[in-house]
Amino acid sequence: MKLLIADTKFPVGHRNLNKHLLYILLRLKNIDALKVFNSHGFYDKKIGDRVRYYNIFIFKSKKAYWDYCCQFLTALVVIWRCFFIRYDKVVFFTFDTLAFSFLRLGILKPVYLFHHNNTDHLQNKYKLFFFKTYMNRVNHIVFADFIKDYLIRLGVDEKRVFILSHPLPEIPPAIKVTKKKYIALGHANDEKLICELIEYEEQTHILENNDIQLVIRTEVNHEKLPSSLILINHYLSQEEYEYYYSTANGVLILYPVHFKNRFSGALLDAFCNRKIVIGKEDVPVVNYFLGKYPKCCITFQKVKDLFDKLSVLDINTFDEQTFDSFLQVHSDEVIRRQLDEILF
């Protein structure tokens, strides 16, 4: 089978994930060739003789309205490019929910869509309307069963939704941590909750008195901060990101309540680095990991609850049996078998 790998966004944060998926797909017995769309050097090197790259130009804008327009222009480019490629099925690693309602009209072969933050966007009634025009004409790949359940509740045919274990990045060596430091480096952090954390620490000094440091990514500039809080509002290099994870005791999941129906790369990175996860109990992905790995997940309700738990939490408490189980569930071999079942 000739499999086309398409994309309309090419997000930099997905580059390693996409390369890993290509590596696994290339090792499926029924794959004769992978035909991969590439843009602006997203894939910088070939991973095998049966992979052929097709360069396409995609349109992007930092402004939301113009980015929607850009996605429709990109859809035209993808449709035009597909006319000149022979393939049996097409997998979209990323896609725009609105623009795909137009894009899918130009593709006559079976389609598989990887869902990342797309499912979260379906809380918008306009995006949901357009999604429903094609949701049962394509197949959907998600990274957890609670996301599959959500799509089914929206009306997607259960037979069209497939669960795939999320591929893992390279596993770093275990490092013994001697200081209580907790990080929250996700892009979706709740700014209101961050303000509550700052205010509560200014009033109580609980973190300072217990020699605890929090490192949090934010979109807002805060002029005065307690010494126990470090806020980051700039882009983190891969080296900086890995440093914070290697030296942290645990990872905070500070997502807002509308972070409902999507997976979390920050949470996945926490487990890869053998870090305890402390997350809001109203975030579905936190409860998903809590149900699977209860020894390594802690939930909280309010800021006071979080601070109370941080002040008594032991460091270096990640359970090794849990870690081994986690690695097995997300192993390349398991993912290869799942992709075999999904695509064939």
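The values are calculated or read from the model by the stated rules, or taken from the named source; none is laboratory data. The structure presented is a predicted model; accordingly, all values stated were derived computationally and were not measured. Using ideal geometry, Cβ is built from the backbone for each residue, glycine included, and neighbour counts are taken over all protein chains shown. For accessibility, only protein heavy atoms count, side chains too; no ligands or nucleic acids. Shrake-Rupley method; radii C 1.70, N 1.55, O 1.52, S 1.80 Å.
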Restricted to segment 185-214 and to residues being open to solvent by 10 Å² or more (accessible area, probe 1.4 Å) and of a type in the set (D, E, K, R), the residue farthest from ASP269 (Cα to Cα) is GLU202
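Hey, among ASP319, ASP324, ASP332, ASP282, which residue is charged (D, E, K, R) and closer than 30 Å to VAL90 by Cα?
After ruling out the rest, the residue left standing is ASP332.
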Restricting to segment 40-82, name every residue that is more than 18 Å from ALA99 (Cα to Cα) and either open to solvent by less than 80 Å² (accessible area, probe 1.4 Å) or without any contact (Cβ under 8 Å) to a residue 12 or more places away in the chain (or both).
GLY41, PHE42, TYR43, ASP44, LYS45, LYS46, ILE47, GLY48, ASP49, VAL51, TYR53, TYR54
Being open to solvent by less than 10 Å² (accessible area, probe 1.4 Å) and outside any helix (DSSP H, G or I) is the filter; apply it to segment 279-291 and report the residue that is nearest to SER246 (Cα to Cα).
GLY279
Considering only segment 1-19, state which residues are over 18 Å from ASP332 (Cβ atoms) and open to solvent by less than 10 Å² (accessible area, probe 1.4 Å).
LEU4, ALA6, ASP7, THR8, PHE10
Among the residues in segment 312-326, are any open to solvent by 60 Å² or more (accessible area, probe 1.4 Å), modelled with pLDDT under 95, closer than 30 Å to ARG27 by Cα and not charged (D, E, K, R)?
yes
Could you list, in sequence order, the residues of segment 140-163 that are in contact (Cβ under 8 Å) with a residue 12 or more places away in the chain and among the acidic types (Asp, Glu)?
ASP145, ASP157
Condition check for ILE175: in contact with a helix residue (DSSP H, G or I) (Cβ under 8 Å, 6 or more places away or on another chain), outside any helix (DSSP H, G or I) and over 25 Å from ASN287 (Cβ atoms):
yes
Looking at segment 1-21, which of the residues that are aliphatic (A, V, I, L, M) and farther than 25 Å from GLY186 by Cα is modelled with the lowest pLDDT?
MET1
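Is one or more of the residues making up segment 136-154 polar (S, T, N, Q), surrounded by 13 or more Cβ atoms within 10 Å (Cβ to Cβ) and farther than 25 Å from VAL257 by Cβ? Outline the logic, then answer.
In the first step, residues of segment 136-154 are kept if they are polar (S, T, N, Q); the result is 136, 139.
When the remaining residues are screened for being surrounded by 13 or more Cβ atoms within 10 Å (Cβ to Cβ), the result is 136, 139.
Still in the running and farther than 25 Å from VAL257 by Cβ: 136, 139.
Yes, segment 136-154 contains at least one residue that is polar (S, T, N, Q), surrounded by 13 or more Cβ atoms within 10 Å (Cβ to Cβ) and farther than 25 Å from VAL257 by Cβ.
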So, in segment 180-196, exactly how many residues are over 12 Å from LEU252 (Cα atoms) and in contact with a helix residue (DSSP H, G or I) (Cβ under 7 Å, 6 or more places away or on another chain)?
1
Among (1) of a type outside the set (Phe, Trp, Tyr); (2) touching a Phe, Trp or Tyr at 6+ places or on another chain (Cβ under 9 Å); (3) free of Cβ contacts under 8 Å to residues at least 12 places away in the same chain, where does GLU333 come up short?
(2)
So is ASP314 in a loop (DSSP other than H, G, I, E, B) and under 21 Å from ALA248 (Cβ atoms) or not?
yes
Sort through VAL111, VAL90 and tell me the only one that's surrounded by 19 or more Cβ atoms within 10 Å (Cβ to Cβ), aliphatic (A, V, I, L, M), over 15 Å from PRO11 (Cβ atoms) and in contact with a Pro (Cβ under 8 Å, 6 or more places away or on another chain).
VAL90
From the options PHE129, PHE92, residue that is under 20 Å from the mean Cα position of the chain (by Cα), modelled with pLDDT of 95 or more and not basic (Lys, Arg)
PHE92
Test result for LEU197, under 18 Å from the mean Cα position of the chain (by Cα) and under 16 Å from TYR182 (Cα atoms):
no
